[in-house]
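Input: a single structure, listed below in structure tokens.
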Amino acid sequence: MSDLPEDRVEEASPFSYVGVDVFGPWEVVARRTRGGHAASKRWAVLFTCLVLRAVHIEVLEDLSSSAFTNALRRFVSVRGKVKMYRSDRGTNFVGAIDNIQVTAINVEDESVKGYLKKSGSVWVFNSPHSSHMGGVWERMIGVARRILEAMLLGVKSLSHDVLVTLMAEVSAIINSRPIVPVSNDPEVPDVLSPSALLTQKLECDQVSLGNMDVKDLYRSQWQQVQYLANQFWVRWRKEYLQSLQGRRIWHEDHDPLRVGDVVLLRDAEVARNFWPMARLTRTFPSQDGCVRKVEVCVAKDKQKVFYTRPVVELVLLVSAGSS
């Protein structure tokens with residue numbers, strides 16, 4: 001496993017370096033009709049501060065680049081200018097690059113080292129099939145998505161206003177989690193959390209509204225939001241906070257792949273016997289000298305096609321140095 005990238009350890013103001021991803025959708029009531037109501041879908045985009053591990057959630061009306069650009073401008077208006085974005089290669093992200101006037105950099109380009117010297121914002125895309133490279137924000141989305149989907153499965157009268165308010169409550173709950181081990185020392189009773197670093201406040205200013213039951217789900221909209229927020233907090237505490245522990249993977253050294261090696265490209269959607277065979281044409285060593293991503297050449301329709309893949313998705317067949 002490689003060292004943390006520079007943007008994870010750089011001293012910077014909150015949300016100067018962010019990871020971006022979209023999750024959803026959920027059905028909301030768009031308008032009332034005589035026969036009932038017309039429903040539409042909503043998505044959410046989650047911005048994760050790579051330094052403080054805080055999150056910010058904006059609601060999307062669709063997955064177009066235009067809707068994402070509007071959400072991004074709302075985020076920047078509240079949190080300030082971002083130095084660098086990181087994301088996968090989603091079409092809505094790629095399409096929004098021209099609208100927000102940032103410089104797009106592929107993760108395998110050597111010029112990434114100089115992104116801090118640039119005055120404008122920079123957008124760095126992970127290499128294809130490399131979801132583990134976005135683990136710092138994928139972890140937050142994975143837990144939030146599972147809890148929200150289970151909570152909202154049976155809710156039929158969710159409105160856009162309720163969903164937006166619920167996402168604000170969800171952000172507050174996620175940001176209140178401890179990011180360091182909780183001390184048993186009575187001299188240090190405070191818990192360090194992203195919310196404390198963002199607001200400089202260790203106590204909660206909001207007054208508790210008491211216990212909400214399932215009946216409140218069908219009353220006024222603010223009671224509906226509070227009931228759903230309470231349910232999210234209960235499941236968040238049971239399913240996420242209890243799982244905070246060290247996970248050590250990829251801690252053993254292996255011989256690096258080299259140009260000329262013959263490999264198989266793993267593909268979860270294809271049977272193992274039909275995985276394509278490829279030859280390594282280029283390697284991209286990290287700063288520590290380890291090779292974690294490579295360029296491979298595949299014969300497709302009698303033509304050479306080049307892909308960038310992480311080494312964890314490759315199976316070595318024949319080493320270039322073997323006779």
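The values are calculated or read from the model by the stated rules, or taken from the named source; none is laboratory data. These numbers were taken from a predicted model, which means no experiment stands behind them. Glycine also receives a Cβ, built like all others from the backbone with ideal geometry; neighbour counts cover every protein chain displayed.
Of everything in segment 41-65, what is at positive phi and assigned to a strand (DSSP E or B)? Give them in sequence order.
none
Scan segment 278-293 for residues that are closer than 13 Å to ARG258 by Cβ, surrounded by 15 or more Cβ atoms within 10 Å (Cβ to Cβ) and among the basic types (Lys, Arg) and jot them down.
ARG279
Yes/no matrix, rows are residues, columns are (1) over 21 Å from LEU166 (Cα atoms); (2) buried (at least 17 other Cβ atoms within 10 Å of the Cβ); (3) within 16 Å of the chain's Cα centre (by Cα); (4) not hydroxyl-bearing (Ser, Thr, Tyr):
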site: SER2; (1), (2), (3), (4): yes, no, no, no
site: ARG8; (1), (2), (3), (4): yes, no, yes, yes
site: TRP43; (1), (2), (3), (4): no, yes, yes, yes
site: LEU50; (1), (2), (3), (4): yes, yes, yes, yes
site: HIS56; (1), (2), (3), (4): no, yes, yes, yes
site: LEU72; (1), (2), (3), (4): no, yes, yes, yes
site: SER77; (1), (2), (3), (4): no, no, no, no
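Could you tell me whether VAL259 is farther than 23 Å from PHE125 by Cα, modelled with pLDDT of 90 or more and outside any strand (DSSP E or B)?
yes
Among the residues in segment 240-253, are any buried (at least 18 other Cβ atoms within 10 Å of the Cβ), at pLDDT below 70 and closer than 30 Å to PRO178 by Cα?
So far as segment 240-253 goes, yes, one or more of its residues are buried (at least 18 other Cβ atoms within 10 Å of the Cβ), at pLDDT below 70 and closer than 30 Å to PRO178 by Cα.
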